[in-house]
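> For reference, the structure I am asking about is given below.
The values are calculated or read from the model by the stated rules, or taken from the named source; none is laboratory data. Everything numeric here is computed off the predicted structure, so don't read it as measured data. So basically every Cβ, Gly included, is an ideal-geometry build from the backbone, and we count neighbours across all protein chains shown.
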Amino acid sequence: MERPALHSLSLSALQSALRAGEFTALEALDSLEARIASVDPQVGGYLSRNLEKARAEAASADVSLPLGGVPIAIKDVINVRGEPCTAASQILQGYTATYDASVIRKLRAAGAIPFGRLNMDEFAMGSSTENSSLQTTSNPWALERIPGGSSGGSAAVVAADTAFASLGSDTGGSIRQPAALCGCVGLKPSYGRVSRFGLIAFASSLDQIGPFTKTVEDSARLLNVLSGKDPQDSTSLDLPAEDYTRLLGRDLKGLKLGMPKEYFIEGIDPQVDAAVRAAVRQCESLGAEIVQVSLPHTEYAVAVYYIIATAEASANLARFDGVRYGRRAADVKNLQDLYVRSRSEGFGEEVKRRIILGTYVLSSGYYDAYYLRAQKVRTLIRRDFERAFEGVDALICPTSPEVAFKRGERSNDPLKMYLADIFTIAANLAGNCGISVPCGFAQVDGARLPVGLQLLGKSFDEARLLQIAHAYEQSTPWHKERPTL
């Protein structure tokens, strides 16, 4: 049998080969760089790479460590000391991170090599990566189509075999949705499972860092490294250390999976619906019991999200004022002119739209009518999940109601763009964990496009969620498929 190219290996397979001495970490990095040079001009996933620094780290890598010698690509919203961190925005052009985010420190301690900055929607605001102010990223399965967002670069590079794995962030589906559209695995941990220190904040009560990988096992291995209490993030919880691989390989006998009726509705692409229902039947054949459940407040999730998330964004992005770091307007008349011009020139249209909306819902006379009411409905949405999980071990549903659409197709329709995350947003509002795994393909205009299956678990029940996802994945061929580039 022909030996697979190094760049195509999963993280777990790469680790095994490194430890067996089949090749060195430096050879793995060089193979990856050659693949990037060949393919990334088409995909546009990477914003920058420091190959010299990465080669020095690879040359001294300790492959006996949990991630020893493995390069991990990083979404450009997570700080890596000495590297640019722009959040794909003009307002942070020229900024170089002065410290490592906590997840980067954890990766380094496990022997991994943070390598490359990945494109995204500006400040993680978007569902297509079209809001990046720096470059265009394409879906590796159809280059004229979007990779999803906001972590579009993180999903595209894993799907294109230009990264062994990557990190992204998920505020309303920004890991799971692009993973579904690009045909890879995307894991959103429970809120509080992974430190947010060093992540440029969009909406602090919703943001979570998580991995993009080629297999569920790889996601479990990365979560082993990323999770844990961090004194620099007061929202990270002090929970016992877990091995998230411990349930992998078990079947689904005795488990109950709930199908939320609100996630199987009119308007879903028929091919997506068919692929997800086939995945449900496959889980049933593996021993799971499938039951119908209801999440009755789902219809309010998008509205609630775009009140809470924009309110928090308005507060978080106030720090980008042209005074301390980032873009500073020239030839200003006074302090107010500095603020107005720096922010007007630095922020893109979508970011401005969300700041304005968030400022409005927080303003005097509207706070109670919008923000306070949204928080109350958020509680109802969380209780929906709590009641559902009293009778099931996990929920099973589509990740996205459709496959990847063509670039520019929705640029003038923000509302339709926002609805792309209709099945992912509620889990962020509730703080639950979720994962998207490949479950088939749809044929659209001659393109063969991936479909994602979403599994949602109880808060801090990632081990069970990964067990279910792994059992399904290993019983189907979809995770082995790769785009032709």
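> What is the residue count in the range 286-320 for residues that are buried (at least 18 other Cβ atoms within 10 Å of the Cβ) and either touching a strand residue (DSSP E or B) at 6+ places or on another chain (Cβ under 8 Å) or charged (D, E, K, R) (or both)?
So the answer is 5.
> Specify which of the listed residues (429, 419, 453) is within 19 Å of the chain's Cα centre (by Cα), crowded, with 19+ Cβ neighbours inside 10 Å and part of a helix (DSSP H, G or I). Before you say what the answer is, go through the steps one by one.
Numbers: 419 fails: crowded, with 19+ Cβ neighbours inside 10 Å; 453 fails: part of a helix (DSSP H, G or I).
That would be 429, the only listed residue that is within 19 Å of the chain's Cα centre (by Cα), crowded, with 19+ Cβ neighbours inside 10 Å and part of a helix (DSSP H, G or I).
> Conditions first: (1) free of Cβ contacts under 8 Å to residues at least 60 places away in the same chain; (2) in the same structural domain as residue 161 (by TED's automatic domain parsing). Residue 222 passes all but one, so which condition is the exception?
In the conditions (1) free of Cβ contacts under 8 Å to residues at least 60 places away in the same chain; (2) in the same structural domain as residue 161 (by TED's automatic domain parsing), residue 222 misses (1) alone.
> Now, a different point. Identify, by number, the condition in (1) of a type outside the set (Asp, Glu); (2) more than 30 Å from residue 441 (Cα to Cα); (3) surrounded by fewer than 15 Cβ atoms within 10 Å (Cβ to Cβ) that residue 355 doesn't meet.
Tallying (1) of a type outside the set (Asp, Glu); (2) more than 30 Å from residue 441 (Cα to Cα); (3) surrounded by fewer than 15 Cβ atoms within 10 Å (Cβ to Cβ), residue 355 fails exactly one: (3).
> Mind checking which pairs have a first residue in the range 199-215 that is closer than 16 Å to residue 78 by Cβ and assigned by TED's automatic domain parsing to the domain that holds residue 150 and a second that is at pLDDT 95 or above and of a type in the set (Lys, Arg), Cβ under 6 Å, 6 or more apart or different chains?
207/196; 208/188; 210/188
> Identify, from the list 104, 91, 113, the residue that is in the same structural domain as residue 25 (by TED's automatic domain parsing), within 27 Å of residue 420 (Cα to Cα) and buried (at least 21 other Cβ atoms within 10 Å of the Cβ).
On the way: 104 fails: within 27 Å of residue 420 (Cα to Cα); 113 fails: within 27 Å of residue 420 (Cα to Cα).
Exactly one of 104, 91, 113 is in the same structural domain as residue 25 (by TED's automatic domain parsing), within 27 Å of residue 420 (Cα to Cα) and buried (at least 21 other Cβ atoms within 10 Å of the Cβ), namely 91.
> Right, another one. Can you tell me which of (1) assigned to a helix (DSSP H, G or I); (2) free of Cβ contacts under 8 Å to residues at least 24 places away in the same chain is the one residue 265 doesn't meet?
For residue 265, the failing item is (1).
> Condition (residue is outside any helix (DSSP H, G or I) and modelled with pLDDT of 95 or more) applied to the range 26-35: is it met by at least one residue?
no
> Please tell me if residue 381 is part of a helix (DSSP H, G or I), touching a His at 6+ places or on another chain (Cβ under 8 Å) and either on the phi > 0 side of the Ramachandran plot or surrounded by 16 or more Cβ atoms within 10 Å (Cβ to Cβ) (or both). If you could, list the steps in order and put the result at the bottom.
Values: part of a helix (DSSP H, G or I): yes; touching a His at 6+ places or on another chain (Cβ under 8 Å): yes; either on the phi > 0 side of the Ramachandran plot or surrounded by 16 or more Cβ atoms within 10 Å (Cβ to Cβ) (or both): yes.
In short, yes.
> Under 6 Å between Cβ atoms, at least 6 apart or on separate chains: pull out the pairs that start in the range 337-351 with a residue that is at negative phi and end on any residue that is acidic (Asp, Glu) and at pLDDT 95 or above.
Correct list of pairs: 348/122; 351/122.
> Of all residues in the range 330-373, how many are farther than 15 Å from residue 313 by Cβ and part of a helix (DSSP H, G or I)? Walk me through how you get there before you give the answer.
Kept after step one, since they are farther than 15 Å from residue 313 by Cβ, are these residues of the range 330-373: 330-342, 344-345, 364-369, 372-373.
Those left that are additionally part of a helix (DSSP H, G or I): 335-342, 344-345, 367-369, 372-373.
So the count comes out to 15.
> Check 219, 227, 195 and return the single one that is farther than 25 Å from residue 81 by Cβ and out of contact with any His (no Cβ under 8 Å at 6 or more places or on another chain). Reasoning before the result, please.
Numbers: 227 fails: farther than 25 Å from residue 81 by Cβ; 195 fails: farther than 25 Å from residue 81 by Cβ.
So the residue among 219, 227, 195 that is farther than 25 Å from residue 81 by Cβ and out of contact with any His (no Cβ under 8 Å at 6 or more places or on another chain) is 219.
> Would you mind telling me which numbered condition in (1) out of contact with any Phe, Trp or Tyr (no Cβ under 8 Å at 6 or more places or on another chain); (2) among the aliphatic types (A, V, I, L, M); (3) surrounded by 22 or more Cβ atoms within 10 Å (Cβ to Cβ); (4) under 21 Å from residue 215 (Cα atoms) residue 11 fails?
Result: residue 11 fails condition (1) only.
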